[in-house]
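Novice: Structure incoming, see below.
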Amino acid sequence: MSAEIIYGRELSNNIRERMTDEVAELKKLDVIPQLTVIIVGNDPASLSYVRGKEKASNSIGMDSNLIELPEDTNQEKLLELIHELNVDPSVHGILVQLPLPDHINEDVVIETITPEKDVDGFHPVNIGRMMAEKDTFLPCTPLGILTMLKEKNITIEGKHAVVLGRSRIVGKPIGQILLNENATVTYCHSRTHNLKEMTKQADILIVAVGKPGFVTGDYVKEGATVIDVGINRIDDGSLTGDVDFESAKEHAAYITPVPRGVGPMTITMLLQNTIKAARQLNE
Ligand code: GUN
């Protein structure tokens, strides 16, 4: 068997077309969804990510505002800025790019963003709402994965989902989201014993471990759906996932590539969350 490849980029383009219409409709009501992104310092990879977010926002007719702060910005100043953005009616989404410099406490920063504008879905209130199965902003990468599965009509209910990795941004929330969709969920991580025995049981295997090519074909059950969340830059400068694509695709029924897989969906979901925030703030 050779798997069907799920290209997030193509799905993203279709979703962004729909969102362009939604933004145009909101503009008729004098609402222009606006995303403000704050970056502290000048890490080139982070700068490139945030510029991608700005470009994507503008490509569907949304407004965006990129605030670049120097590396030595103190926490108080950053919190003051967030407080101002929280009450600015022209701002619907606030995203502080992570990681932040060591002298700034990320948790305090995340908790200062008002949950109504937390389009990253990182605020504890929004995490709690996700756990309680209330309407909320789901974090963008897990929401992108869920959207991919749904767009491909891949059954989640009753299936065994195995999540490799337990990060706050991806692993933990995607497990909870799939549980909310009635999957049976197993979390695996660096201390898990007999990892291969676990992954071989997965109907849906989510891999977010940050190790290039970690999951090879012998970790994959025949007919599984394999979602690769890894983005690793290897020695030759190219990007590669956490899954050894060539061997895994011989066992999987569906598989996402890296690049052009989950990555593009993440930004699209950020735009979707910002449109949702703009709607809710103007109800
Ligand atoms: N850094 C890497 N990914 C993300 C993300 O999804 N949100 C934020 N705020 N920072 C990030």
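The values are calculated or read from the model by the stated rules, or taken from the named source; none is laboratory data. From a predicted model like this one, the values you see are computed outputs, not experimental measurements. Counting neighbours? That spans all protein chains shown, and the Cβs are built from the backbone with ideal geometry, glycine included.
Novice: Name every residue in the stretch 182-209 that is surrounded by 19 or more Cβ atoms within 10 Å (Cβ to Cβ) and in contact with a helix residue (DSSP H, G or I) (Cβ under 8 Å, 6 or more places away or on another chain), in order of residue number.
Specialist: V185, C188, T199, I204, L205, I206, A208
Novice: Would you be able to tell me the number of residues in the stretch 113-144 that are in contact with a His (Cβ under 7 Å, 6 or more places away or on another chain) and part of a helix (DSSP H, G or I)?
Specialist: 2
Novice: Further question on the same structure: Pairs, please: C-beta under 7 Å, at least 6 apart or cross-chain, first residue more than 18 Å from H123 (Cα to Cα) and in the stretch 73-96, second away from the ligand (no atom under 16 Å from the Cβ) and of a type outside the set (K, R)?
Specialist: S90/Q34
Novice: Sticking with this one: With the requirement that a residue be in a helix (DSSP H, G or I) and either of a type in the set (A, V, I, L, M) or without any contact (Cβ under 8 Å) to a residue 12 or more places away in the chain (or both), what does the stretch 145-154 give you?
Specialist: Those that are in a helix (DSSP H, G or I) and either of a type in the set (A, V, I, L, M) or without any contact (Cβ under 8 Å) to a residue 12 or more places away in the chain (or both): I145, L146, M148, L149, K150.
Novice: Would you pick out the residues in the stretch 154-170 that are within 16 Å of the ligand (Cβ to nearest atom) and surrounded by 22 or more Cβ atoms within 10 Å (Cβ to Cβ)?
Specialist: Result: G165, V170.
Novice: Which of the residues spanning the stretch 89-117 are among the charged types (D, E, K, R) and either surrounded by fewer than 19 Cβ atoms within 10 Å (Cβ to Cβ) or within 10 Å of the ligand (Cβ to nearest atom) (or both)?
Specialist: D102, E106, D107, E111, E116
Novice: Continuing with this model, one more query. Restricting the search to the stretch 184-203, which residues are in a loop (DSSP other than H, G, I, E, B) and over 16 Å from A161 (Cβ atoms)?
Specialist: Hits for the stretch 184-203 are S190, R191, H193, N194.
Novice: Within the stretch 35-56, how many residues are assigned to a helix (DSSP H, G or I) and within 14 Å of the ligand (Cβ to nearest atom)?
Specialist: Here the count works out to 12.
Novice: Then there is this: Filtering the stretch 57-75 down to residues that are in a helix (DSSP H, G or I) and over 17 Å from the mean Cα position of the chain (by Cα), which residue is farthest from S12 (Cα to Cα)?
Specialist: Q75
Novice: Continuing with this model, one more query. Can you find a residue that is of a type in the set (A, V, I, L, M), within 16 Å of the ligand (Cβ to nearest atom) and not assigned by TED's automatic domain parsing to the domain that holds D203 anywhere in the stretch 139-150?
Specialist: no
Novice: Let me ask something additional. Can you confirm whether L78 is assigned to a helix (DSSP H, G or I), in contact with a helix residue (DSSP H, G or I) (Cβ under 9 Å, 6 or more places away or on another chain) and either within 22 Å of R51 (Cβ to Cβ) or at pLDDT below 95 (or both)?
Specialist: yes
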